[in-house]
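Here's the structure we're looking at; comments come further down.
Read the figures in this text as sums done on the coordinates, not as results from a lab. Just so you know, these numbers come straight off a predicted model, no measurement behind them. Here the Cβ positions follow ideal geometry from the backbone for every residue, glycine too, while neighbour counts run over all protein chains shown.
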Amino acid sequence: MSLRVGLIPIEPRIVNAAYMQISAYHKRRGDTVDWWLPIEDRAFDDIYCSSLFTFTDKRDVPARAICGGTGYDVSSRLGLAYEACEYDYSIYPRCHASLVWFSRGCIRQCSFCCVWWKDGPIHPVTPKPLNPRGEVVWVMDDNFFACEAWPEAIERLVAWGQPVDFQNGIDVRLYRPEHARALKRLRWAKRLRCAWDDPHVDLREDIRRLAADWPQHKLMCYVLIGYDSTAAEDLWRVQELAGMGIDPFVMPYHRNDPYERRFARWVNHKAIFRSVAWEDYR
């Protein structure tokens with residue numbers, strides 16, 4: 001007997017790869033998959049809730065839902081039968097991107113990041129087929145150049161011929177001339193990103209090496225604040241980046257902290273950041 005399966009749109013702005021694999025798995029079994037609504041709860045046989053973020057409000061998730069994702073438990077997994085499925089992009093009809101992983105895991109064990117604990121050491125994986133409606137490729141690797149198979153991944157991206165966006169940026173500590181040559185073979189959808197998350201690691205020379213290969217307007221750097229950093233260290237990093245002509249983009253570790261919210265708003269609103277000093281804005 002076929003089932004009616006519900007997917008809870010708990011983070012509606014996110015294209016969730018787990019949901020696409022859950023949908024593909026159940027449709028292959030002959031089940032019907034729809035987005036869950038509270039008013040129709042009793043009409044669903046099985047309900048899934050996949051969350052990426054711990055801060056997402058989960059109070060309205062039914063107790064009977066099958067829950068997983070890093071927003072619930074970093075060690076949670078779909079199961080091999082689900083993970084073997086391709087992505088069912090039909091559940092996101094407005095999505096024109098293809099989510100692609102060439103590798104999983106990372107070589108770093110940053111205490112603020114769950115990647116190592118979730119996916120382990122860096123290892124190559126086979127990318128899923130592209131979105132039939134895809135117009136851009138989102139490279140989802142957490143540390144693209146840390147995987148030895150990155151040259152093969154570049155060749156595949158070139159062959160696909162679509163604009164590329166490295167969603168998690170690149171590890172600037174690994175950046176070398178051969179990486180620059182490879183990246184310049186690609187069509188770019190957005191700016192090249194890197195990150196300076198730890199104020200106790202001086203990345204200025206690494207970032208300058210990156211900036212020497214790219215026009216300033218094509219670069220952006222994530223800056224994590226609120227995790228083992230002082231306000232002075234936060235300000236120092238964004239000012240150093242601005243001095244190099246690179247746009248910083250602040251990521252608050254505690255989204256509801258008044259200082260972190262205010263500082264992020266100041267930095268990320270570029271018209272204000274470029275015209276008002278932090279002392280005056282504060």
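In this model, which of K118/K270; K118/K190; K58/K184; K27/K218; K128/K184; K58/K118 are farther than 32 Å apart at the alpha-carbon?
K118/K270; K58/K184; K27/K218
Taking only the alpha-carbon atoms of segment 191-282, what semi-axes of the equivalent ellipsoid follow from 5 times the gyration tensor eigenvalues under a square root, in whole Å, largest first?
For segment 191-282, the ellipsoid semi-axes come out as 21, 15, 11 Å.
Please list the non-local residues whose amide H lies under 5 Å from the amide H of W188, H modeled 1.01 Å from N, same-chain partners needing a gap of 5 or more.
Result for W188 returns V164.
Would you mind ranking W236, W36, W266 by Cβ crowding within 10 Å, fewest neighbours first?
W236, W266, W36
Report the gain in length on full extension from D228 to I272: 0.36 nm times residue separation, minus Cα-Cα distance, nm rounded to one decimal.
So the extension gain works out to 13.2 nm.
Any idea what angle helix 231-243 forms with the longest principal axis of the chain, computed on alpha-carbon atoms, 0 to 90 degrees, nearest 10?
Helix 231-243 and the main axis of the chain meet at about 80 degrees.
Nearest 20 debye, what's the magnitude of the dipole of segment 1-90 about its Cα centre given +1 on Lys and Arg Cβ and -1 on Asp and Glu Cβ?
80 debye
Going toward the positive end of the dipole of segment 109-173, with +1 on Lys and Arg Cβ and -1 on Asp and Glu Cβ, which of F112, N168, N131 do you reach last?
With unit charges placed on the Cβ atoms, the residue in question is N131.
Are there trypsin sites (Lys or Arg not before Pro) in segment 1-98 that DSSP puts in a loop and that have at most 13 other Cβ atoms within 10 Å, and which ones?
R13, R29, R59, R64, R77, R94
Provide the descending list of Cα extents for segment 96-189 along its principal axes, expressed in whole angstroms.
Computed over the Cα atoms, the extents are 36, 30, 20 Å.
Given Cα pairs under 8 Å that are at least 6 residues apart, what percent is the relative contact order of segment 96-189?
30 percent
Suppose the Debye formula is applied to equal point scatterers at every Cα of segment 1-90; what is log10 I(q)/I(0) at q = 0.12 Å⁻¹?
Listed by q, the Debye log ratios stand at -0.33.
Just to confirm the number: angle between the C-alpha axis of helix 258-268 and the first principal axis of the chain, 0 to 90 degrees, nearest 10?
Taking the Cα atoms of the chain, the angle to 258-268 is about 70 degrees.
N143: net charge of surrounding residues, Cβ under 9 Å, Lys/Arg +1, Asp/Glu -1, itself excluded?
Around N143, the charge tally is -2.
At what distance in angstrom do the alpha carbon centres of segment 200-245 and segment 255-282 lie from each other?
16 Å
Please report the relative contact order for segment 191-282, taking Cα pairs under 8 Å with a sequence separation of at least 6, and give it as a percent rounded to a whole number.
In percent, rounded to a whole number, it is 25.
Over the chain, what is the relative contact order in percent, taking alpha-carbon pairs closer than 8 angstrom and at least six residues apart?
Computed value for the chain: 10 percent relative contact order.
For the chain, take the longest principal axis of its alpha carbons; what is the angle in degrees between that and the long axis of helix 150-160, to the nearest 10 within 0 to 90?
The angle comes out near 70 degrees.
Using DSSP to call loops (not H, G, I, E or B), can you name the chymotrypsin sites (Phe, Trp or Tyr not before Pro) in segment 74-167 whose Cβ has at most 12 other Cβ atoms within 10 angstrom?
F112
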